[in-house]
Every structure is written in C-alpha cells, then in structure tokens.
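Participant: This is the structure I want to talk about, given as structure tokens.
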Amino acid sequence: MSHPFEPPLAGKDLARTGGRLGPEPEDFRVDEELDRAPAGTGQHRLVRIEKVRLNTRDAVVRVAEAAAVNERDVGYAGMKDKHAVTTQWLSLPAQSVSPELWPPLDGIRVLEHALDDNKLRTGQLRGNHFRLRLVGCDPGSAERAVALAARLATDGLLNVFGAQRFGRGGENLARALAWLTSGGARRGRGSRFDKKFLPSVLQSEVFNRYVTARSELGLDRLLEGEVVRLDGTHTTFIVGDPLAEQPRLESGDIHLTGPLPGPKLRAARAAALELELQVLGDLGLDPSVLRDLGRHAPGTRRDVRVRPEHLTVEADGDELRLAFFLPAGSYATEVVRAFTGQPFFEL
C-alpha cells in the first residue's frame, strides 16, 4: 500500500478534451487572495510578490536574504507551484529591510507591500485565482469543455490532494510510511521540513482514499455519524438523523467532510466512522501508529467536494483557456485532470 491511490475523474459519463497543460510557466497562472486586507499598521510587513520558476521555499530563501532576516521569520499562507507564474503574500518583521532597498531578485518581482498586525500563517487564504492554457486538445474539445464546465459548476469534483503532494511517481508516500512505521515520528527523527511535510503526505493519502470510498456510496445522501460543515462557517456537527438533515445537504446548507487524522480531528460515529477505520486499516495505520503521527499532525477535517467558482472556458483551435477560483487548499491540477482525462501522475 506504499503507492498513492489514483482518485476517479469527475463527470464519469462525459467525454474529455484531451490535451495537456502548456509547457511554459505562463500557461499556469496563480494569483493568491488572502482572507483579509493588510491593516496598514503593525509589527509585520506584508509583501506581495510575483515569482516565476520558483517554488515558495526557494522564494522565501531569496527574500529573507534581501530583507536581512532569518528564513523562519518569513511567513506565508500557502505553497505555490514552481513551474508557473504565481503571485503570493509573504510576511516579514517590520524592521526588515524595506522592499524598495532590495537588490534585484532572480525570478521575483515585488508588486506591493503594507504593514500589518500579524505574521502570516498557513491557511490564511480565501483561495486562489487560476488562469491556465491547455494545448494539443482533441477535435471537438470546445463542446466537450463547455459540457464539463457545466457539470463541475453544479456537481463539483472530489476535493482530493493532487499528485504533486506525493512527489515524482508517488515516492513521497513510501518515504512517509517508512518514516512513521520505523519510529521516526516517535523519536523526532528527520529534518524540520520532513517533520512537517511527511505527516501531511500520509494525511493526504488517507483523505484521498476516504473521499473515493465515500463517493462510491453516493455524495447526494448522508451517512449516520457523518461530520458535516455548516455552509459559510468552520462549524461542524455530527449527523444523528440522516433523513432529517438530508434537505440541508440538498440545499447546500451543509457539506460533507473527510478526515485528516490527528488528535484534534473531530471523530465521526456509526457508519461514517466504520468507513474511516476501514481506510486507515488498508494503509496499516493502527492506533499506535496514529499516535505517533499525531505528534506532528494535529488533524482536522476537509470538505469532500469542491466547486470551482467563476469557471470560464475559451477555445482557440486545439487550445483551451480555463479561468476559475478555488478555495484555499484545493488543487487546480484536479480541474485540469477533469478536462483532459490525463492519468493522476502525468500532469
């Protein structure tokens, strides 16, 4: 079970467009939107940068050096892809060197900056705006793309973690399982990055397997003991009477959630708990192993399904241009996969 599970495609009955993401960084554009505007005053400096061919970790290293601060003092709300043009916010101590005085940074351009009260933390995002170009699409792809866009707007897609979470060929999952089962988590063995990243890989695999199994039971009905989220809030509750709560699911007032294991996870009950335990058992994550994982992964719940907002499609010959918005943590590559039909690890 050391190879990541490949989640199913959305809209199983619809024809795909074929094609693939364009080869240039400009073919994958991501613009980050924070969950709030900068305050304008405070002990931290928020800096919005545009980066090209750089992942977030490498960008942080360069910015920290230019601003004369320790890398640990640089905050960010989300990780961004390397092979792309992306904009994102970083936070720095207010006493850091002002961006106007930074030397030119390869692959990085400062767009704006302002003071704020707080350092940025992971997840402090409303979401991301995407503009993507697909090339080499099949004949008739425009009509297929319109049908797929309509289906995704109504039914959404599984909110799974994309293949990039699992590394080249999925090798990160084997690393994470070996680290956990060998006692690395218990003894605190590994780099600072591994202690944060490897637990997230395991959580991601559990979630992807759970939502796939949950979708096979039908996402249009509730299970007894299921943990659901109230629309527009972070509030969750456990479904005691599925029939009584069913109208709320149909109206969009509540949303299904799946597990990211850890001690702070709100536990499901009854049928939903049985399904979660089955997934954990398939991965060999027994209670003792989960306790070790919990030393580094607090646990939470994540929506089972996501609907791309403001999804538009433009066709030009054998090319398609997609634009849409996704909430924080959702993967644009899964939207691409829904259109092109490419295998999970070929994007």
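Participant: For region 36-122, what percent of Cα pairs sit more than 14 Å apart? Provide the component values of the computation, followed by the final result.
Facilitator: Working: 2153 of 3741 pairs.
In whole percent, the share of Cα-Cα pairs in region 36-122 beyond 14 Å is 58.
Participant: Counting Lys +1, Arg +1, Asp -1, Glu -1, what net charge surrounds residue 116 among other residues with beta carbon under 13 Å of its beta carbon?
Facilitator: On the way: positive: 36, 45, 48, 119, 121; negative: 35, 112, 117.
Spelling it out: positives minus negatives among the neighbours equals +2.
Participant: Round to a whole angstrom and tell me the spacing of the C-alpha centers of region 268-341 and region 113-128.
Facilitator: 23
Participant: How much length, in nm to one decimal, is gained on full extension between residue 269 and residue 238, taken as 0.36 nm per residue of separation minus their Cα-Cα distance? Could the numbers behind the result be given before it?
Facilitator: Working: separation 31, 0.36 × 31 = 11.16 nm, distance 0.78 nm.
Full-extension gain reported as 10.4 nm.
Participant: Compute the relative contact order of region 157-306 as a whole-number percentage, counting only Cα pairs closer than 8 Å that sit 6 or more residues apart in sequence. Walk me through the numbers on the way to the answer.
Facilitator: Numbers: 225 pairs, mean separation 44.4, N = 150.
Computed value for region 157-306: 30 percent relative contact order.
Participant: Under DSSP H, which helices of the chain have Cα atoms covering 27 Å or more of the helix axis and a Kyte-Doolittle average no less than -1.0? Working shown, then result.
Facilitator: Values: long enough: 192-216 (38 Å, -0.58).
Span-like helices, by this rule, are 192-216.
Participant: Show the residues, 5+ positions off or on another chain, whose built amide H is closer than 5 Å to the amide H of residue 53.
Facilitator: Placed amide hydrogens put 84 under 5 Å from residue 53.
Participant: Please report the net charge: other residues with Cβ closer than 10 Å to the Cβ of residue 93, K and R +1, D and E -1. Let's see the in-between values first.
Facilitator: Working: positive: 45, 119; negative: 73.
Local net charge: +1.
Participant: Here is a further query. In the structure displayed, which of 82/119; 12/119; 12/195 lie more than 31 Å apart, Cα to Cα? Mind dumping the intermediate values first?
Facilitator: Numbers: 82/119 23 Å; 12/119 43 Å; 12/195 37 Å.
Pairs exceeding the cut-off: 12/119; 12/195.
Participant: Here's another thing I want to ask about it. Could you list the square roots of 5 times each eigenvalue of the Cα gyration tensor of region 6-84, that is, the equivalent ellipsoid semi-axes, sorted largest first and rounded to whole Å? Spell out each step's value before the answer.
Facilitator: Working: eigenvalues 231, 54, 27 Å².
Those come to 34, 17, 12 Å.
Participant: How far apart, in nanometres, would the label points at residue 191 and residue 70 be if each is projected 7 angstrom from Cα along the Cα-to-Cβ direction?
Facilitator: 1.8
Participant: Something else now. What Kirkwood radius, in Å to one decimal, follows from the Cα pairs of the chain? List each step's numbers first, then the result.
Facilitator: On the way: mean 1/r = 0.0463 Å⁻¹.
Result for the chain, one decimal place: 21.6 Å.
Participant: Let me ask something additional. For region 157-306, compute Rh as the Kirkwood radius over C-alpha pairs and then the Stokes-Einstein diffusion coefficient at 37 °C and 0.692 mPa s; write the answer in µm²/s, rounded to an integer. Working shown, then result.
Facilitator: Details: Rh = 15.9 Å.
Translational diffusion coefficient: 206 µm²/s.
Participant: Another question about this same structure. Report the label-to-label distance for residue 154 and residue 37 in nanometres (one decimal), using points 7 Å from each Cα along the Cα→Cβ vector.
Facilitator: Once both label points are built, they end up 3.8 nm from each other.
Here, each number is a calculation from the coordinates, and none is a lab measurement. This one's a predicted model, so the numbers in the text were calculated from it and none came from an experiment. Don't worry about glycine lacking a Cβ; one is built from the backbone with ideal geometry, like all the others, and counts go over all protein chains shown.
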